[in-house]
Amino acid sequence: MSMQLRRLIEEQNTLWQRMQDIQAAAESESRDLSAEERQNWDQAENRLTVVSGDIERLNRMAQLGQIDRSQIVSTTGEPGGENRDDSEEQARRYREAFGIYMRGGMDRLTPDQRNMMMDRQVDLRAMGAGIDTAGGFTVPDEFRNVMTETMKAFGGLLGMADIIPTATGADLKWPTNDDTGNEGEILGENQAAGEQDIALGGKTLKAHIFSSKQVKLSMALLQDTAFPLDSWVPKKLGERIGRRAARSFTTGTGIDQPEGLTVGGTVGKTGANGQTTSIIYDDLIDLEHSVDSAYRANSRYLMHDTSLKVIRKLKDTQGRPLWVPIPAPGFPATINGFAYELDNSMPVPAASAKSIAFGDFKAGYVIRQVQAVQTLRLVERYAEYLQVAFLGFARMDGGIQDSSAIRLYQHSAS
């Protein structure tokens, strides 16, 4: 853990304690906060919001930094023996050719390197209707892993769901189930076992194409060998795709896009009339217990940062805050004892909005991710500006796979 992160955690805890001391002083005298106390409280709360955001960003960067490129093995060939050696050599040669292509285009490649790249070319038009661009190249494993991990770091639900990687984008039949209402039986002597079918359903996971949009760089920057192109580009493409995918995984309609968590999920608690933007302690307790106890051990909260701001002000029946800051380095901040994840693609508190999800997201939501990630290098379009554009594509789909594992909090309509 970096010294900066440790310092921020200590500051977060100090700010939180200061806010609690201010409120405790007023409550002990059965009075409202004075003007000075309110000003000190507001200043501490504003700084706490900034510090908490910095902690989240540093944790996200630490997650990205944990990618061990030395352990990445090419997906081509069998691991072990001569096949593995050949596979690693092919991966190394392709990675080298791809790096030259990224900086200088196809003209900088040797004939062998050009043929190698063309063997890994993907016709994007074959992926689906409406795609009018051909010539994408499958990226090396290192590039793909940096891009994928970045997507998870910026994608909220993408980092918690059950990820199913597939080599191709063919339709994938996926079973769904809800078996929590079924149980076994006690058999008497010589008694035949009964029957109880599992409540199985099914869905088809497709391979919707997510684009990063174009990322333009100057040719001068590409020619600068000090610029970390092989890490900067996949991170930037991953950020953009991750944010767009996150919005689909939370609010997607399921029609020509993934089925969003708030669309396919079940409401476990609805706020009383008047709670169009507010949340109360009892609502969160009801939401937690709307999830079967079998799932609660691995459950956590998912919400927009605006919802967290509302919850940070809540207390239980004993006057203890529901939100508890990081107790020590290495431990997460919690809400009523449960860890939480922020995803700003979740709806903000509003009339009828499903702003909070709670449950075991790995058991309840599945994301299909096609392993092959493509990128395009666009030169001629921006040649007069001495710029080159990069365009990334990832294919994914998602939906509810166990409807009992996750429940939603919905604000009242009025």
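The values are calculated or read from the model by the stated rules, or taken from the named source; none is laboratory data. In this text the structure is predicted, and so the values were computed from the model without any measurement. Neighbour counts are summed over all protein chains in view; Cβ atoms, including those assigned to glycine, are modelled from backbone coordinates with ideal geometry.
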Selected residue (criterion: nearest to ASN145 (Cα to Cα)) from residues of region 392-414 that are touching a helix residue (DSSP H, G or I) at 6+ places or on another chain (Cβ under 8 Å) and of a type in the set (A, V, I, L, M):
ALA394
State whether one or more residues within region 246-263 are part of a strand (DSSP E or B) and of a type outside the set (Lys, Arg).
yes
Kindly establish whether GLN66 is modelled with pLDDT under 85, closer than 30 Å to THR306 by Cβ and either surrounded by 15 or more Cβ atoms within 10 Å (Cβ to Cβ) or not small (Gly, Ala, Ser) (or both).
yes
With (1) without any contact (Cβ under 8 Å) to a residue 12 or more places away in the chain; (2) farther than 24 Å from ALA353 by Cβ as the list, and HIS289 as the residue in question, which single condition is left unmet?
(2)
Output the residues belonging to region 23-34 that are of a type in the set (Gly, Ala, Ser) and more than 41 Å from the chain's Cα centre (by Cα).
SER28, SER30, SER34
Can you confirm whether region 312-320 contains a residue that is acidic (Asp, Glu) and under 19 Å from GLY359 (Cα atoms)?
no
With respect to LEU8, determine if the residue is closer than 27 Å to LEU342 by Cα and touching a helix residue (DSSP H, G or I) at 6+ places or on another chain (Cβ under 8 Å).
yes
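Could you list, in sequence order, the residues of region 397-414 that are aliphatic (A, V, I, L, M) and over 20 Å from SER248 (Cα atoms)?
ALA413
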For region 108-207, please list each of the strands (runs of 3 or more DSSP E) lying entirely inside it that holds at least 1 residues being surrounded by fewer than 19 Cβ atoms within 10 Å (Cβ to Cβ) and modelled with pLDDT under 75.
172-177, 200-205
Condition met for PHE393 (aromatic (Phe, Trp, Tyr) and within 29 Å of ILE100 (Cβ to Cβ))
yes
Take residues that are hydrophobic (A, V, I, L, M, F, W, C), touching a Lys or Arg at 6+ places or on another chain (Cβ under 7 Å) and crowded, with 18+ Cβ neighbours inside 10 Å and tell me which of the helices (runs of 4 or more DSSP H) falling wholly in region 281-372 contain 3 or more.
none
Condition met for ARG103 (touching a Leu at 6+ places or on another chain (Cβ under 6 Å), basic (Lys, Arg) and either more than 18 Å from PHE390 (Cα to Cα) or modelled with pLDDT of 80 or more (or both))
yes
